[in-house]
Amino acid sequence: MTDFAMSSSGSPGTLNAGILRRREVLERFSATALTFPGLILILLVLLVPVLWLFWLSAFDGAGDLSWANYERMGKSIYVRTFTTTFRIAIIVTVCCAFLGYPVAYLMSQSGRRLSLVILLSVLLPFWTSVLVRTYAWLVLLQRTGLINGWLQDLGLIDTPLALVHNELGTIIGMIHVMLPFMILPLYASMKAVDPSLMLAASNCGATPAQAFRQVFFPQTITGLSSGAGLIFVLCLGFFVTPVLLGGGRTYMWAMQIADNISLYGNWGAASALGVVLVVATALVLLAVQFVLRRAGGTK
Amino acid sequence: MPGQVAIREVSKNYGAFVALDDVSFDIEPGEFITLLGPSGSGKTTLLNVLAGFTRPNSGSVQLDGKEFLTLPPHRRDVGMVFQSYALFPHMTVMENVAYPLKLRKIGKSERERRATEALSTVQMDHLADRAIQSLSGGQRQRVALARAMVFEPRMMLMDEPLSALDKNLREHMQIELKRLHGMLGTTTVYVTHDQREALTMSDRIAVINNGKLMQLDTPSQLYDFPANRFVAEFMGESSFLPVKVSDGTARLFGNPIVTREPWSGDHDAWLLIRPEKLAWNAPQQGAANRIQGTTREVIYQGDSYLLDIALPEGHSVEVRCNPHTAGIEMPEPGETVSFWIKQSSTILVEDAGQ
Amino acid sequence: MLSEPVTRTQITRGQRLWLYIVVGLVMIFLVVPCLLVVPMSFSAGEYLEFPPKELSLRWYRAFLGSQEWLNALWVSVRVAVPTMIIATIVGTAAAWGLHRRTDIFATGVRGIFILPMLVPLILIAVGVFFVYAKVGLNGTIGGLILAHTMLALPFVLIAVGNGLASFDMALHEASRSLGATELRAFLSVTLPQIRISVMSGAVFAFVTSFDEVVVALFVSSGENETLTRRMFANIRDQVDPTVAAISSLLVGMVIVGMIVFLFVGRDETQEH
């Protein structure tokens, strides 16, 4: 009331303006404050540790500022790890796209019951611990394992195949872990396609194949690229499955970081590897953003 | 009687968009005021300012002489009826209506007594234990009303509460709402974009466009004395013909017309054509206020015909005509027609000032 | 399903058969490894076999009879339950705050909240290990809870954010105008309406913590070793069928959880 009395003598547009502005700011701040506990936690347990590692990567063994940790990455052992990691990441991403697309497609186009069954078969591995699934693959693929046993019983092979403790086993296990991450976003983008568009396309004279290629597929690129981007990024830093299924022979980036710490205690080298990993991850995510924006723009 | 509202210089902008531009008016205790305007005109923004959901940039609203705008929504004591009803789906009918009383720390038995009373006012007491999901649209509407009035608010706010109902039910509820308002006598601010609804229910109507108050008047004043072309256009079926006023004489296509009020100065204006105010058969009036044109099309519309008439200087007008009340034969396309505007019905308006 | 017009999917019958076969094979690929450990865990032999020649509960007894395994399970529970509670509260508060503020600032904060999902886990693990070494949090339950809560935040934020996106804000406003304070309106109207989203956020948080391996590998040790860390070491160093019994129990948990959610979800859809 006092505010009214004070400001009523002012020019139009200033009546109560001060107190209303203060209320607005207060209200905004209280909404913002709700995010503070989470932000503080992320700052302390994520940003501080990771940035500290960035800082460490700039010092050599003697504690001097140098590029040594980064220069070392030219060495053949590091180069081999990089190429292995990227090769596996690409293979897994491509395989997930090819295996996941038909599954998501059928799930989005079929009736309630069938799509629920498919969804459950995707969610079961999605919710099951990575450790459990990796363990299951180890049991399935080992020399005395189920698959070799069956193949031998059927007389298809004489000696057991080396299916695990190598890159093949790693890739199979990783595809199994990553596939749900492809199917779920693809399904979401396919579900959003207006079914009448396909009727419109065929009405315009498109064959089913043309309608699929020219109308349906372009609208699922958002789901495809977000799934692929997520999988590629996860593959670059993946640890559990390659350690357990790679048998020490398949050496990936994350393993190199872990070994630098647990075997050699070389924080500088591990940190530099981490920085490069973060940069590679960021670049992939930016590329996905770019694709998404362009796909969004053409709609 | 409490419920006197004084709205002063209320302005709200979102960036460059001006939602409310210096709006001021008074609402008398117990009055039923309708905010009428097209979508995006600012009528809902003004209602949300009164409810406390939108904070204006400046201005003042006083309720019974006390500043109201700086109060948070929960301390304003206004009953609001939402467009979507906003009934709580996880509560029964009774729990919904008793909710505001519970918040006011009223004991359980008293709470139920008052909630039942409010429900019986809207004839919903027999469904008190139902879940909200099992109610029809009209029933939800009644529960929302009961919930908004059960705590005897100082003012009722209604945001297009009938827009989700079908036509028959809507007209029935309009009468019901009017009855309720007469019974309770609570100051009510009602938002709608339906001019017929506004005319039916309101003591006074505030026509709003582009965030500005165009005119605040009783329904009949708005209809017969619109302040500008926008208000005239919004109230009832209307067409406009350009008129030039010079030396106190208004001219339509060069011919002087006799107007209701004297006009002075030199300016452009519009002659408002309302179908029910036209005379189709008045040759005794001669050339005074006669408008002649050529019929282009005659469209049958059940109770009436729609005539598309070409006028001089490239103008045209579409008017509705009932052959029985007009006492004429419907013209054929290509025929010349004449109609007259009585002096008492000549309404000249100007464009809404910016 | 037969009533669905063929033109809608633009797939002819021949192509459909091919599609069904491919999808069927991928579904087998996805599901079989998860389920296979269950029958194998009941084998009586020293090694895992399928089908088991003789059924027994030998490996379940081995699990339940081992102080180390039970202790590891208990550590995981003591970490996962507080993680679930804290992450759900903190994440829901943040989601509500961001829902009420829709500007550049909110977009930026949302980006920060998604970071734990995007930064490679191995880097987080190494970094947290490094910082915890300075403050003496390595090998403590509290340290694990902090790290796991941070990892779980984006999942809660996304789940609750989705719930809020489909929540009718008029309900919240109605509650306010009827006399409820901001907090009261949130607790009595908004929260009951988004409870399914909050619950799924909580489940995500619990599972994130309970299944987390990499951070636990670095940060938990000795007395406070988690179940996953012990399982990891066990699988890497020797294939002990006890892990099959534990895995079966975990798969069983997932299946029970999925069935419960299926029914809760159905009740929810019937309600609206």
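Volume of the convex hull of chain C (Cα atoms only), normalised per residue: 213 Å³. Look at B:Arg8, A:Arg80 and count the other Cβ atoms within 10 Å of each Cβ; fewest to most, that gives A:Arg80, B:Arg8. Mean-square fluctuations from a GNM of chain C, with a 10 angstrom spring cutoff on Cα atoms, peak among C:Tyr47, C:Tyr20, C:Tyr60 at C:Tyr20.
You can think of it this way: the chain between C:Leu183 and C:Leu17 has 54.2 nm of extra reach, that is 0.36 nm per residue less the Cα-Cα gap. Largest GNM mean-square fluctuation among C:Gln193, C:Gln238, C:Gln67, using chain C with Cα springs under 10 Å: C:Gln238. Remark on region B:67-116: hydrodynamic radius 12.4 angstrom, per the Kirkwood mean of 1/r across alpha carbon pairs. Computed over the Cα atoms of region A:103-226, the ratio of the radius of gyration to the Kirkwood radius (Rg/Rh) comes to 1.14. Counting neighbouring beta carbons within 10 Å and listing from fewest to most, the residues B:Ile175, A:Ile221 come out as B:Ile175, A:Ile221. Grab the beta carbon distance between C:Leu262 and A:Leu156, set R0 = 45 Å, and tell me the FRET efficiency rounded to 0.05. Result of the calculation: an efficiency of 0.70.
Largest first, the three principal axis extents of the alpha carbons in region A:16-106 are 71, 59, 21 Å in whole numbers. For a straight C-alpha distance cut-off of 16 angstrom, the aspartates and glutamates reachable from A:Lys191 (same-chain residues fewer than eight places away being disregarded) are C:Glu4. Take the convex hull of the alpha carbons in chain B; its mean projected area over all directions comes to 21.9 nm². For chain B, take the longest principal axis of its alpha carbons; what is the angle in degrees between that and the long axis of helix B:137-149, to the nearest 10 within 0 to 90? The two axes meet at around 70 degrees.
The simple Förster model, with R0 at 45 Å and r as the Cβ-Cβ distance, assigns C:Ile196 and B:Gln221 a FRET efficiency of 0.25. In percent, how large is the relative contact order of region B:1-135, given Cα pairs closer than 8 Å and 6 or more residues apart? Reported relative contact order: 21 percent. Centre-to-centre separation between the Cα atoms of region A:244-267 and those of region A:30-68: 23 Å.
By the rule of a C-alpha distance below 26 Å, with chain neighbours fewer than 8 residues away ignored, the lysines paired with B:Lys12 are B:Lys43, B:Lys66, B:Lys212. The label-point distance for C:Ala62 and C:Val135, in a model that sets each label 7 Å from Cα toward Cβ, rounds to 4.0 nm. Treating each Cα of the protein assembly as shown as one equal point scatterer and applying the Debye formula with no solvent, the log10 of I(q)/I(0) at q = 0.07 Å⁻¹ comes out as -0.80. Taking each residue as 0.36 nm, the span from A:Arg249 to A:Phe290 lengthens on full extension beyond its C-alpha to C-alpha distance by 11.2 nm.
Running Debye on region B:7-106 with equal point scatterers at the Cα sites and no solvent, what base-10 log of I(q)/I(0) appears at q = 0.18, 0.21, 0.23 Å⁻¹? With no solvent term, the Cα-only Debye profile gives -0.98, -1.19, -1.31. Residues C:Met253, B:Met173, B:Met183, ranked from the fewest to the most other C-beta atoms within 10 Å, line up as B:Met183, C:Met253, B:Met173.
Taking chain C as a Gaussian network, Cα atoms linked when under 10 Å apart, which of C:Ile89, C:Ile194, C:Ile255 shows the biggest mean-square fluctuation? Highest fluctuation among the options: C:Ile255. Computed over Cα pairs, the Kirkwood radius of chain A leads via Stokes-Einstein (1.002 mPa s, 20 °C) to a diffusion coefficient of 90 µm² per second. The convex hull defined by the C-alpha atoms of region B:206-354 has an orientation-averaged projected area of 9.8 nm². Our compactness index for region C:32-102, the C-alpha radius of gyration over the empirical 2.2 N^0.38 Å, is 1.86.
Taking Cα atoms only, the orientation of helix B:108-121 departs from the longest principal axis of chain B by about 20 degrees. Taking a span of 20 Å or more along the helix axis (Cα atoms) and a mean Kyte-Doolittle hydropathy of at least 1.6 as the rule, the DSSP H helices of chain C that qualify are C:13-40, C:104-118, C:121-135, C:141-165.
For region B:175-239, the alpha-carbon coordinates run over 38, 23, 18 Å along the three principal axes, in decreasing order.
Straight-line cross-link partners of B:Lys277 among the lysines, defined as a Cα under 18 Å from its Cα and at least 8 positions apart when in the same chain: B:Lys342.
By how many degrees, between 0 and 90 and to the nearest 10, does the Cα long axis of helix A:130-141 differ from the longest principal axis of chain A? The angle comes out near 20 degrees.
Taken along the Cα-to-beta-carbon direction at a fixed 7 Å, the label points for B:Gln83 and A:Leu51 span 4.5 nm. Taking all Cα pairs closer than 8 Å and separated by 6 or more residues, the relative contact order of chain C comes to 28 percent. Diffusion coefficient of region C:142-272 by Stokes-Einstein, Kirkwood radius over Cα pairs, 25 °C, 0.890 mPa s: 139 µm²/s.
Any read-out appearing in this document is the output of simple, stated calculations on the displayed coordinates, not a laboratory observation. This is a predicted model, so every value here is computed, not measured. When we count neighbours, we look across all protein chains shown, and the Cβ atoms used for this are built from the backbone with ideal geometry, even at glycine.
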